[in-house]
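Working notes for the structure below.
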Ligand code: COA
């Protein structure tokens with residue numbers, strides 16, 4: 001397994017946990033860390049020994065407290081655009097990953113941290129988690145997808161409120177708004193994330209990949225989502241998973257999907 005400067009990787013029971021490991025900086029995302037996350041996710045996507053991915057932060061205090069603000073100083077407009085575009089590529093690779101990706105939000109998820117969590121397919125929050133997009137305090141807007149994915153997840157009105165006020169919200173509010181799927185006690189966070197992946201592991205991996213691609217198509221302005229669904233639905237027919245799933249139903253047994 002690869003080793004990284006700012007990430008800890010652990011595979012257990014075919015689930016990869018990526019822990020962002022700069023706790024003395026509240027796991028702030030410097031360029032190196034973002035690049036490492038992109039590399040780790042890309043490798044996991046292609047690794048037949050991995051069924052799902054959990055992304056979390058080291059320490060008790062923070063998931064990720066944002067992009068590393070110390071790298072912002074003396075950045076030209078063009079350099080800032082490159083930084084944003086590079087981050088977008090990595091976050092998009094998480095959003096489009098063919099394996100399920102769950103954010104286990106253990107503390108502060110601010111700015112780029114909230115954006116990282118939102119690029120994951122699902123979010124589980126510790127009761128101590130805090131979410132926010134405080135970029136306006138820095139004279140900035142979010143640069144890693146926050147203006148788009150927050151609207152997608154919680155709607156324009158609440159998204160504008162959080163983005164314009166820089167308010168920080170707790171796990172309960174985040175859950176009520178649909179920003180997180182589930183809240184757990186801090187000690188149960190990783191178990192709950194693994195349990196969520198465990199449920200997904202029981203169903204067809206080909207269909208799960210199709211779900212992710214087709215739901216993402218809804219948000220792609222260049223794609224007709226319903227037409228994409230017609231195509232993807234049709235492509236499911238005749239796959240090994242389809243054959244197994246339908247046969248198992250007809251034979252009144254549980255399906256066993258093969259992973260490769
Ligand atoms: N970028 C760089 N460093 C960061 C950081 C960030 N986004 N967030 C925290 N840190 C660093 C602090 O500078 C500090 O480093 P130091 O010990 O070398 O001085 C360390 O992490 C601990 O943070 P600190 O601010 O002392 O902790 P706190 O408990 O007092 O406050 C926060 C916690 C999250 C409220 C505060 O750190 C904060 O506001 N962070 C920035 C959040 C933000 O604006 N994110 C969006 C960036 S686009």
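The values are calculated or read from the model by the stated rules, or taken from the named source; none is laboratory data. For clarity, every value in this text was computed on a predicted model and none was experimentally measured. In this analysis, Cβ positions are derived from the backbone assuming ideal geometry, glycine residues included, and neighbour counts consider all displayed protein chains.
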Exercise. Residue 113 versus (1) more than 9 Å from the ligand (Cβ to nearest atom); (2) within 14 Å of residue 67 (Cα to Cα); (3) within 14 Å of the chain's Cα centre (by Cα): which is the lone unmet condition?
Worked result: (1)
Problem set entry | Selected residue [more than 27 Å from residue 217 (Cα to Cα) and in a helix (DSSP H, G or I)] from 40, 85, 44, 80 | 80
Exercise. Restricting attention to the range 126-154, which residues are more than 9 Å from the ligand (Cβ to nearest atom), farther than 16 Å from residue 96 by Cβ and in contact (Cβ under 8 Å) with a residue 60 or more places away in the chain?
Worked result: 126, 128, 129
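Give the range 5-20 a look and list any residue that's in a loop (DSSP other than H, G, I, E, B) and surrounded by 18 or more Cβ atoms within 10 Å (Cβ to Cβ), or say none.
Scanning the range 5-20 gives a single hit, 6.
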Problem set entry | residue 228 being touching a residue at least 12 places away in the same chain (Cβ under 8 Å) and exposed (fewer than 14 other Cβ atoms within 10 Å of the Cβ) | no
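Tell me, yes or no, whether the range 175-189 has at least one residue that is at pLDDT 95 or above and either within 16 Å of the ligand (Cβ to nearest atom) or under 16 Å from residue 96 (Cα atoms) (or both). Break it down stepwise before answering.
Of the range 175-189, the ones at pLDDT 95 or above are 175-189.
Still in the list and also either within 16 Å of the ligand (Cβ to nearest atom) or under 16 Å from residue 96 (Cα atoms) (or both): none.
No, the conditions are met nowhere in the range 175-189.
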Exercise. So, of the residues in the range 75-95 that are in contact with a helix residue (DSSP H, G or I) (Cβ under 6 Å, 6 or more places away or on another chain) and under 30 Å from residue 203 (Cβ atoms), which turns out to be nearest to the ligand (Cβ to nearest atom)?
Worked result: 91
Problem set entry | Failed item, numbered, when residue 235 is tested on (1) part of a helix (DSSP H, G or I); (2) loosely packed, with under 12 Cβ neighbours inside 10 Å | (2)
Exercise. Of all residues in the range 21-35 being in contact (Cβ under 8 Å) with a residue 40 or more places away in the chain and either within 16 Å of the ligand (Cβ to nearest atom) or closer than 14 Å to residue 108 by Cα (or both), which is surrounded by the most Cβ atoms within 10 Å (Cβ to Cβ)?
Worked result: 27
Problem set entry | Unmet requirement for residue 72, which otherwise passes all of (1) within 15 Å of the ligand (Cβ to nearest atom); (2) under 20 Å from the mean Cα position of the chain (by Cα) | (2)
For this session: Keeping to the range 39-67, report how many residues are within 12 Å of the ligand (Cβ to nearest atom) and surrounded by fewer than 20 Cβ atoms within 10 Å (Cβ to Cβ).
Result: 3
Exercise. Here is a list of conditions, (1) in a loop (DSSP other than H, G, I, E, B); (2) within 15 Å of the ligand (Cβ to nearest atom); (3) crowded, with 18+ Cβ neighbours inside 10 Å, and residue 99 meets all of them except one; can you say which number that is?
Worked result: (2)
